[in-house]
Amino acid sequence: MYKDDYQHPDYYQLDELLTDEHKLIRDTARAFVKKNISPIIEDYAQRAEFPKHLIPGIAEIGGFGPTIPVEYGGGGLDQISYGIIMQELERCDSGIRSTASVQGSLVMYPIYSYGSEEQRKKYLPKLASGEMMGCFGLTEPDFGSNPAGMITNFKDKGDHVILNGAKMWISNAPFADIAVVWAKDEAGDIRGLVVERGMEGFTTPETHGKWSLRASATGELVFDNVKVPKENIFPNVKGLKGPLGCLSSARYGIAWGALGAAMDCYDSALRYSKQRIQFDKPIAGFQLTQKKLAEMITEITKAQLMVWRLGVLKNEGRATPAQISMAKRNSVETALNIAREARQIHGGMGITGEYSIMRHMMNLESVVTYEGTHDIHLLITGMDVTGINAFK
Ligand code: TGC
Ligand code: FAD
């Protein structure tokens, strides 16, 4: 039976910056992950299947909409709690964290922030409990980094609209009950609307053959003259700032989450290097191994401080989208570099499913691309510090 020995690295005693509630949330999430996800995740990833039976348990630990107010079924927690939960989930697998990010930040957040009271009451409690699952459709085949160019659109037909177009690379699409879809109205303004499974002309073909995020289901959203009631349109937002606002919330969670993958790789490499004997001594005793481990823990510590401070700013409503971009980019880059170094420390064992390293490394290749690519986030930072737009 697989044994999960994970202990999180805390070189600068950052635990002292957390409240007792934060630590309780972390311990609860970690215990759930160790008991329920770690033993099965490798099999599901190998089979390229999302472990749907975990949904009620992820809801139970507050994984869906932790910051949404309690009256709508959410956790009513602060932003650091949200980050901690994402970190514990991604410590095990980015695909599991993806499902929680999408549900909380990309489906519940827009319904709460831009939706009518009726929409909030109809969807949020069921999404929080996992009784209903959602997905988020922004990316299109011809518009990834540049979502403003989207061609998915709807036309006004009185009490309903007719939606046409297609979205691709959509996490959770194959099993989602609802999709938050971003589309242009007849005036060319981007609007958000909720499309429900079962609406005629709406299909969600699964994307197969991924080498990354294999335990997360990815698919397309295809709209062929789908009749959507007008009451499903979000009344309180218009323009690209709608979906980008959701991304700010999700990217923040990823900044914490990806660091979880880094911490898991480091923890595994440290343990392995003390146990593995070559040339009559533990490989941890060689300077080259120590260089790798010392650099890993240094980068992890820097990134831990960054996301904690970002959490404080977010709690105070002061975190800017550009600050969030910097943290998302830094955490993912840190995690990818550490996964690659940890893989080397594990030698041949590092490519097997006996350790989580290779799975993390492959997963992170999606994380470095979705929610804004590595270079897009660099350009966001560049624009923020210079005031000059280098995208176009
Ligand atoms: P731009 O003119 O800069 O902005 C348009 C409006 O949006 C506002 N804004 C933001 N608001 C909130 N949060 C942010 N992060 C924001 N960024 C911009 C901005 O102030 C403006 O507002 P207003 O009032 O003036 O209209 O837009 P642009 O067309 O020049 O594009 C800028 C760019 C390239 C940075 C942006 O489009 C971008 O971020 N591109 C990357 C696309 C992306 O991240 N896609 C992600 C798809 S979803 C996904 O990947 C889910 S993965 C899920 C999982 O499995 O975890
Ligand atoms: P492109 O935009 O075509 O970019 C290709 C390359 O060109 C990148 O390196 C990029 O950095 C570079 N580039 C583009 N523009 C510029 C520029 N101006 N300057 C310099 N370089 C540039 N989307 C959703 O809407 N919902 C989801 O749930 C979702 N889940 C996903 C799950 C997975 C597993 C993956 C892989 C993707 C998912 N996405 C989702 C889509 C994701 O957000 C996009 O893949 C991402 O935004 C990049 O778009 P693209 O793949 O079209 O790449």
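The table below lists the values:
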read-out: Single match in T301, T334, T373 (criterion: within 12 Å of ligand 1 (Cβ to nearest atom), at pLDDT 95 or above and either β-branched (V, I, T) or on the phi > 0 side of the Ramachandran plot (or both)); value: T373
read-out: Qualifying strands (runs of 3 or more DSSP E) (wholly inside region 117-192; at least 2 residues being more than 25 Å from K52 (Cα to Cα) and open to solvent by 30 Å² or more (accessible area, probe 1.4 Å)); value: 153-156, 160-171
read-out: Filter result (of a type outside the set (A, V, I, L, M), within 15 Å of A261 (Cβ to Cβ) and outside any loop (DSSP other than H, G, I, E, B)) within region 330-360; value: N330, S331, E333, T334, N337, R340, E341, R343, G350, R359, H360
read-out: Hits in region 204-224 (condition: away from ligand 1 (no atom under 14 Å from the Cβ), part of a strand (DSSP E or B) and open to solvent by less than 50 Å² (accessible area, probe 1.4 Å)); value: V222, F223
read-out: Among (1) closer than 18 Å to R30 by Cβ; (2) aliphatic (A, V, I, L, M); (3) in contact with a strand residue (DSSP E or B) (Cβ under 9 Å, 6 or more places away or on another chain) - the single one I84 does not satisfy; value: (3)
read-out: Matching helices (runs of 4 or more DSSP H) fully within region 14-108 where at least 3 residues are open to solvent by 30 Å² or more (accessible area, probe 1.4 Å) and outside the structural domain of S331 (by TED's automatic domain parsing); value: 20-32, 38-47
read-out: Residue within region 193-203 that is in a loop (DSSP other than H, G, I, E, B), open to solvent by 10 Å² or more (accessible area, probe 1.4 Å), in contact (Cβ under 8 Å) with a residue 24 or more places away in the chain and closer than 23 Å to L247 by Cα present; value: no
read-out: Any hit, region 327-341, residues being surrounded by fewer than 20 Cβ atoms within 10 Å (Cβ to Cβ), free of Cβ contacts under 8 Å to residues at least 12 places away in the same chain and either outside the structural domain of L213 (by TED's automatic domain parsing) or not hydrophobic (A, V, I, L, M, F, W, C) (or both); value: no
read-out: Filter result for I170 (in the same structural domain as K227 (by TED's automatic domain parsing) and over 19 Å from the mean Cα position of the chain (by Cα)); value: no
read-out: Hits in region 127-179 - residues which are on the phi > 0 side of the Ramachandran plot and more than 15 Å from ligand 2 (Cβ to nearest atom); value: G130, G158
read-out: Subset tally (residues that are surrounded by 15 or more Cβ atoms within 10 Å (Cβ to Cβ), basic (K, R) and within 20 Å of G257 (Cα to Cα)) for region 270-322; value: 1
read-out: Of all residues making up region 376-392, the number that are exposed (fewer than 15 other Cβ atoms within 10 Å of the Cβ) and either within 10 Å of ligand 1 (Cβ to nearest atom) or part of a loop (DSSP other than H, G, I, E, B) (or both); value: 6
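Yes or no, residue by residue, for (1) of a type outside the set (K, R); (2) in contact with an Asp or Glu (Cβ under 8 Å, 6 or more places away or on another chain):
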{"residue": "K3", "(1), (2)": "no, no"}
{"residue": "D10", "(1), (2)": "yes, no"}
{"residue": "L17", "(1), (2)": "yes, no"}
{"residue": "Y44", "(1), (2)": "yes, no"}
{"residue": "G63", "(1), (2)": "yes, no"}
{"residue": "D78", "(1), (2)": "yes, no"}
{"residue": "S81", "(1), (2)": "yes, yes"}
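The values are calculated or read from the model by the stated rules, or taken from the named source; none is laboratory data. Just so it is clear, the model here is predicted, and its values are computed rather than measured. In this analysis, Cβ positions are derived from the backbone assuming ideal geometry, glycine residues included, and neighbour counts consider all displayed protein chains. The protein model used for the area step is the full one, side chains on, heavy atoms only, and it has no ligands, DNA or RNA in it. Shrake-Rupley method; radii C 1.70, N 1.55, O 1.52, S 1.80 Å.
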